[in-house]
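One structure is given below, encoded as C-alpha cells.
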Amino acid sequence: MESDGVEESFEGLVRVAVTAGARFGENMARLREQMARDSEARSLQESRELQARTAAERQAAVSELGNVQRGEWWDKARPEDIGRTYATAKAWEGQDPEAASARQRMENELRTRYGVDVNNHDADPAQVQALLARMEAERIEGLAAEERRKEAQERAEAESLLREGDQLDNAAERSAAAAAYEPDPAEREQAAAEAETLRDRATETRDESGQSYDSAERRSETAASLEGQGFAERSVEARKIADVSQGKPATEAVKQSRAVKARKGRSRVGSGKQATLDR
C-alpha cells in the first residue's frame, strides 16, 4: 500500500523521537553513575540518600515501562511518548532487567510498526537536537521545581522554629519572674534553673531556624541557576526548530508543526495519534 505522506511524516517524527530518546537515556545513565561516584566521595549519608532516591526512580521507571508490553499503548502513543519511554528504557537497562526487556520490545515494535531501526541514525539532526534540548530543559525544570518545593518547605520550617523560640523565651521570662518573687529558696532555685533551660532551648531553636533559612536560601539560588539553564535549553530548542523551518518550504514547515493524524496501514498506527513533537 502506498503512503500518502502523512504516515511518512508520523514515522519521521517517531524516528526523531527515538533517536533523541536513545541519546538522552544514555546521557542520564552516565549522569547517574557520575552522581553516585561523587556522592560516595563526599559523605556516606549523601551516598545513602542518593541510593534511596535512585531506587525510587528505578521503581517508577519500571512501572512506566510496563506500558510498552501492551498493544493498546502503542496504538495511542504519540512520537514524544515513544521517545521519552525509550529514553527511560535506555537510562535503566543497565540496572534493571525489566528495563532491558522493555527496550528490546520497543525496538521490535518500532521495526514492525514504523520501519524504524534504532541503529540506523538517519533522523534529521536539527530536529533531534531540538528534541534533546527540550528533554534536557524539562529535566532541569523538574529539578528546579523540586528545589522550589523544598525551599518553601524549609522556609515554613524556619518560621515555625522561630515562633517556637519566641514562645520558649516568653516561658523563660515567666520562670525568671517567678524566681525573683519566690520566697522559698528551693522553689526559687528551681524556677531560675527552669528559666535558664528554657533560654538555652530558645537559643538552640533559633539556631535551627537560622540553618533552615540558610538552606532555603541556598535552594533558592540553586533553583534560580537551574531555571537559567532550563531557559538556555529552551533557547537551543527554539533555534533548532527555526533551523528546521527555514530549511523547508513553508507548506512543509507548517505540516511538521501541526498535528496530523496517521492513517491505518503498514505501520498500524491508531487513528487517534498526533504526529507532533510538541507537548
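Just a few scattered comments:
- Semi-axis lengths (Å, descending) of the ellipsoid that matches the C-alpha gyration tensor of region 177-237: 54, 6, 4
- Residue-by-residue Karplus 3J(HN,Hα) for region 224-237, coefficients 6.51, -1.76, 1.60, Hz, glycine and proline x: 4, 5, 5, 4, x, 5, x, 4, 4, 5, 5, 5, 4, 4
- When peptides 99-105, 162-168 are ranked by their average number of other Cβ atoms within 10 Å per residue, the highest-first order is 99-105, 162-168.
- Stretchable slack from E221 to N170, in nm (0.36 nm times residue separation minus alpha-carbon distance): 14.9 nm
- Think of each Lys and Arg Cβ as +1 and each Asp and Glu Cβ as -1; about the Cα centre, that makes the dipole of region 1-91 roughly 600 debye.
- Karplus 3J(HN,Hα) series, Hz, for region 23-36 with 6.51 cos²θ - 1.76 cosθ + 1.60 (x for Gly, Pro): 5, 5, x, 5, 4, 5, 5, 5, 4, 5, 5, 5, 5, 5
- Neighbourhood net charge (14 Å Cβ-Cβ; Lys/Arg +1, Asp/Glu -1) for Y86: +1
- Residues E159 and L31, FRET efficiency given R0 of 30 Å [Cβ-Cβ distance, rounded to 0.05]: 0.30
- More than 26 angstrom apart: percent of Cα pairs within region 124-247: 53 percent
- Counting charges near L65 (Lys, Arg +1; Asp, Glu -1) among other residues having Cβ under 10 Å from its Cβ returns a value of -2.
- Neighbour counts of other Cβ atoms within 10 Å put E227, E187 in the fewest-to-most order E187, E227.
- Net charge of Cβ neighbours under 12 Å - reference E233; Lys, Arg +1; Asp, Glu -1: 0
- Estimated vicinal HN-Hα couplings, Hz - region 135-151 in sequence order (Karplus 6.51, -1.76, 1.60; Gly, Pro = x): 4, 5, 4, 5, 5, 5, 4, x, 5, 4, 4, 5, 5, 5, 5, 5, 4
Here, each number is a calculation from the coordinates, and none is a lab measurement. Just so it is clear, the model here is predicted, and its values are computed rather than measured. Methodologically, a virtual Cβ is constructed for each residue, glycine included, from the backbone with ideal geometry; neighbour enumeration extends over all protein chains shown.
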